Structures are given as C-alpha cells and as structure tokens.
Amino acid sequence: MELKEIKKHWEESGKQFSKQNRITPTSRDPFLGLSEEKKIIQNLKNNWVVLEIGCGDASHTVRYAKHVKIVYALDIAESLIYIAKKKAHHIKNIHFSIGSALNIKNLYQNKKFDCIISQRCLINLPSWQYQREVIKQSYKLLKKGGIFLITEGFQEELDNLNNVRKEVRLKIIKTVKYNKNLNQKKFESFIQPYFKILKVEDYGFYLFFSRIFYPLLVWPNQPKHDSRINEILFKLSQIINTPGFKKYSYNLFYILQKK
C-alpha cells in the first residue's frame with residue numbers, strides 16, 4: 001500500500017472504533033499490546049520528555065504518561081487523535097498532534113527528547129526507505145545519549161514461526177497489507193552509526209504458544225486474540241524466562257541509545 005492508502009485505512013479504522021471491544025484497530029492482540037507496554041514502561045524515567053510516534057487511540061499513551069514528565073503523542077489519523085483526546089481528557093501531561101512520522105523533524109524542530117517510542121509505527125510505513133527516514137529523524141530529535149524504544153515486526157522471525165505452522169498444517173500468518181516488517185540484519189546494520197543497542201528482548205514464548213499451541217488446541221474453531229488461554233499465556237510469559245523461543249518472536253523490542 002502507498003502512504004495515502006495507509007493513512008486512509010487508519011482514518012477509517014478510527015471511525016469504526018468500539019470502546020467496548022478489547023480488540024481495537026490499533027491492537028488486534030490485547031495481550032501482545034500489554035507485553036509491549038510493560039517492556040516500554042520498565043524503561044521510562046519520571047523526569048523524561050517523551051515523543052511517541054504512531055500513538056493511535058492512546059490506549060498505551062495514557063499509561064506511559066504516568067511514568068514520565070511529558071508525552072508528545074503523534075498520529076497521522078485525525079479520527080484516532082480525536083478518540084485519543086477524549087480518552088486522555090483528564091491527563092495534563094500529554095500533548096497530541098496530527099501528522100506523519102516522516103515529518104517529525106519539522107513538527108518538533110524546536111524540541112529535544114529524552115526518549116522516543118515507536119510501538120509498531122515503523123511497520124506502518126510502506127518501504128524500508130521511509131522506515132530509515134523516520135529512524136534518522138528520530139536520531140536528530142533525541143538528546144545526546146537519548147533512548148529510542150522500538151517494538152516492531154520482523155520478517156525472518158515470522159518466517160520461522162510460519163515454518164512450524166506449516167509443519168503442523170496450520171495456515172501461515174500473512175502480514176497485513178498496510179504493514180511492512182523489518183529485516184533484523186538490515187535494521188541493525190543501518191542503525192549502527194546512530195545508535196548503540198543496549199538490549200533486545202522478545203515475546204517468543206507468548207507468540208509461539210498463542211499462534212501454534214492454542215490454534216491446534218481449539219481447531220477446527222478459530223482462535224481469538226482476547227481469549228482466556230491467551231491471557232494465561234501472557235501471564236506465564238511475564239514470569240518464565242524462555243530464550244529458546246526468540247527465533248519465533250516476530251515482534252522484537254529494542255532499547256537503543258543515541259551515540
């Protein structure tokens with residue numbers, strides 16, 4: 001999809017938003033979203049000024065705001081920012097803006113941030129060229145030694161998971177048309193001049209069992225992202241150290257520090 005089509009998709013998604021449903025357009029798997037959120041919060045500091053790119057409906061933003069001084073939250077979809085402002089109307093330290101992550105150097109040209117958060121924002125850009133541009137602009141907006149927290153989709157790990165799914169006769173998981181996953185080797189090579197990788201964490205245990213064990217368990221019925229089983233798997237993933245599942249984690253969490 002092109003940028004205009006992706007923007008249109010998110011505008012329409014915002015208009016169809018349901019407050020009653022845990023599965024939202026910006027978080028189809030609520031427990032994966034919670035896993036991402038917990039990792040991000042663990043790395044925030046209460047005196048930080050933070051920029052969140054691709055904040056969506058602010059479901060996570062409102063909780064990040066509790067752990068930092070100020071959050072500047074940006075999304076391209078006016079409909080989602082409208083929902084976000086209603087959700088955060090009582091929170092004083094969030095400042096919302098409508099705009100593209102490809103234009104943050106101009107939108108925030110007079111600011112420097114302690115931290116920038118990208119929670120599946122980069123994968124909503126249709127090319128590696130655009131993804132690189134946002135990474136470079138983020139680098140410029142960070143203070144010296146600033147932290148870039150990203151939790152994004154990666155293709156090789158999705159391929160690994162799909163190979164197992166094929167072995168057990170499950171349909172492969174296809175990347176939605178408005179996403180473009182990153183390539184880990186290409187990503188790490190590109191960021192090397194700009195950022196030091198402090199840590200890489202994964203969601204492998206949760207993704208392996210929620211995408212393979214659970215579907216097999218309920219077959220021929222369809223698995224549901226907000227199921228009780230996934231909730232249990234999420235809780236287990238928070239207490240069990242399972243490094244062997246990293247190769248199946250098609251979402252990875254990077255803690256990057258500006259050089």
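Tell me whether region 2-20 contains one or more residues that are modelled with pLDDT under 95, under 20 Å from Asn103 (Cα atoms), buried (at least 18 other Cβ atoms within 10 Å of the Cβ) and among the aromatic types (Phe, Trp, Tyr).
Within region 2-20, one or more residues are modelled with pLDDT under 95, under 20 Å from Asn103 (Cα atoms), buried (at least 18 other Cβ atoms within 10 Å of the Cβ) and among the aromatic types (Phe, Trp, Tyr).
For residues that are over 24 Å from Glu37 (Cβ atoms), touching a Leu at 6+ places or on another chain (Cβ under 7 Å) and hydroxyl-bearing (Ser, Thr, Tyr), tally how many sit in region 89-136.
Here the count works out to 1.
Between Ile117, Ile104, which is aliphatic (A, V, I, L, M), surrounded by 22 or more Cβ atoms within 10 Å (Cβ to Cβ) and over 30 Å from Ile240 (Cβ atoms)? Spell out the reasoning first.
On the way: Ile117 fails: over 30 Å from Ile240 (Cβ atoms).
The conditions single out Ile104.
Among the residues of region 123-160, what is the count of those that are within 13 Å of Ile53 (Cβ to Cβ), more than 12 Å from the chain's Cα centre (by Cα) and among the hydrophobic types (A, V, I, L, M, F, W, C)?
Residues that pass the stated criteria total 6.
Are any residues in region 196-225 over 20 Å from Ser249 (Cβ atoms) and not basic (Lys, Arg), and if so, which ones?
Let us first name the residues in region 196-225 that are over 20 Å from Ser249 (Cβ atoms), namely 196, 217-222, 224.
Of everything in region 196-225, those that are over 20 Å from Ser249 (Cβ atoms) and not basic (Lys, Arg) turn out to be Leu217, Val218, Trp219, Pro220, Asn221, Gln222.
The rows are residues; the columns are (1) over 26 Å from Trp10 (Cα atoms); (2) buried (at least 17 other Cβ atoms within 10 Å of the Cβ).
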| position | (1), (2) |
| --- | --- |
| Phe190 | yes, yes |
| Ile240 | yes, no |
| Tyr250 | no, yes |
| Ile255 | yes, yes |
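Working only within region 213-233, note down all residues that are in contact with a helix residue (DSSP H, G or I) (Cβ under 6 Å, 6 or more places away or on another chain) and within 27 Å of Leu122 (Cβ to Cβ).
Those that are in contact with a helix residue (DSSP H, G or I) (Cβ under 6 Å, 6 or more places away or on another chain) and within 27 Å of Leu122 (Cβ to Cβ): Pro223, Asp226, Asn230, Leu233.
Condition test on Phe208, is it surrounded by 21 or more Cβ atoms within 10 Å (Cβ to Cβ), modelled with pLDDT of 95 or more, out of contact with any strand residue (DSSP E or B) (no Cβ under 8 Å at 6 or more places or on another chain) and aromatic (Phe, Trp, Tyr)? Reasoning before the result, please.
Numbers: surrounded by 21 or more Cβ atoms within 10 Å (Cβ to Cβ): yes; modelled with pLDDT of 95 or more: yes; out of contact with any strand residue (DSSP E or B) (no Cβ under 8 Å at 6 or more places or on another chain): yes; aromatic (Phe, Trp, Tyr): yes.
Answer is yes for this residue.
Checking the condition within 30 Å of Phe209 (Cβ to Cβ) and in contact (Cβ under 8 Å) with a residue 40 or more places away in the chain, which residue from Glu52, Glu11, Glu5 passes? Break it down into steps so the answer makes sense when it comes.
Working: Glu11 fails: within 30 Å of Phe209 (Cβ to Cβ); Glu5 fails: within 30 Å of Phe209 (Cβ to Cβ).
Every option except Glu52 fails the conditions.
Across region 140-191, which residue is nearest to Val71 (Cα to Cα) among those that are assigned to a strand (DSSP E or B) and in contact with a Ser or Thr (Cβ under 7 Å, 6 or more places away or on another chain)?
Only one residue fits best here, namely Phe148.
Tally time: how many residues in region 234-254 are in contact with a helix residue (DSSP H, G or I) (Cβ under 6 Å, 6 or more places away or on another chain), modelled with pLDDT of 95 or more and among the polar types (S, T, N, Q)?
2
Among the residues of region 103-122, write down those that are within 21 Å of the chain's Cα centre (by Cα) and in contact (Cβ under 8 Å) with a residue 60 or more places away in the chain.
The answer is Phe113, Asp114, Cys115, Ile116, Ile117, Ser118, Gln119, Arg120, Cys121, Leu122.
In the set Leu198, Leu207, Leu236, which member is of a type in the set (A, V, I, L, M) and without any contact (Cβ under 8 Å) to a residue 40 or more places away in the chain? Reasoning before the result, please.
Numbers: Leu198 fails: without any contact (Cβ under 8 Å) to a residue 40 or more places away in the chain; Leu207 fails: without any contact (Cβ under 8 Å) to a residue 40 or more places away in the chain.
None of the others qualify; the one that does is Leu236.
Taking region 83-93 only, how many residues are in contact with an Asp or Glu (Cβ under 9 Å, 6 or more places away or on another chain) and aliphatic (A, V, I, L, M)?
2
Within region 129-140, is even one residue exposed (fewer than 15 other Cβ atoms within 10 Å of the Cβ) and more than 28 Å from Lys186 (Cβ to Cβ)?
No: zero hits.
The values are calculated or read from the model by the stated rules, or taken from the named source; none is laboratory data. A quick note: this is a predicted structure, and the numbers were derived from the prediction, not measured. Cβ atoms come from the backbone with ideal geometry, glycine included; neighbour counts cover every protein chain shown.
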